[in-house]
Amino acid sequence: MLDMLREKMGTGLGKTASSLSVGSLLATGFAPAVSAREKGSHQEFKGKIARSYEESQEWWPEQVRPPEGAPNVIIFLLDDVGFAQIGSFGGLIDTPNIDKLAENGLRFNNFHTTALSSPSRATLMAGRNPHSIGLGSHALTAMGFPGYNAIVPDTAKSVANYLQEQGYVNYVLGKWDHTP
């Protein structure tokens, strides 16, 4: 999925690259905005701090920005929903706004869900098997065993981490229960 999103972002098509996965509603947005978290927040202060504000000189760190014309990225994960509920997958329920997003985006229909919401969401966001990222069970039932401890390794970045490195600001809406 990460490769497909990278490819879609590189084309510069439209303002929105959306990904719709049928699987409680989760809408994760990645807006191309300014973020200093990766690069700017660790830069040495190059301004001047004096006895008064008038004598001081402000300085702002260089900020990472997404490429010119970069699209917004929206990922919908719909748990406990089949193809019959979403219009863009031929469903019976009228979902015109979701359909509009899906028309200009990527639609996945071969996402292998787990039996629980927490591991399914983590799998989608990290692009990995839930056991390899410590979520072989629900995050709130974490156990002290490999694959079940709800500790995501540093090597398992989510799509949000990759986009943040490119200057995107990330946010999540909906049920999100990744707490050990």
Handout entry: For 100, 48, 157, order by how many other beta-carbon atoms lie within 10 Å, fewest first
Key = 48, 100, 157
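Which ordering of 86, 49 is given by a fewest-first count of other beta-carbon atoms within 10 Å? Please report the intermediate quantities before stating the final value.
Numbers: 86 21, 49 11.
Ordered from fewest to most neighbouring Cβ atoms within 10 Å, 86, 49 come out as 49, 86.
Tell me, 93, 74 in order of fewest to most beta-carbon neighbours within 10 Å?
Details: 93 10, 74 19.
In order of increasing Cβ crowding within 10 Å: 93, 74.
Taking R0 as 41 Å, what's the FRET efficiency between residue 107 and residue 43 from their Cβ-Cβ distance, rounded to 0.05? Before the final figure, lay out the partial values.
On the way: r = 40 Å, r/R0 = 0.98.
It comes out at approximately 0.55.
Since every read-out is calculated from the coordinates, none of them should be taken as a lab result. Given the structure is predicted, the values throughout are model-derived calculations rather than measurements. Quick reminder, even Gly has a Cβ in these numbers, built from the backbone with ideal geometry, and neighbours come from all protein chains shown.
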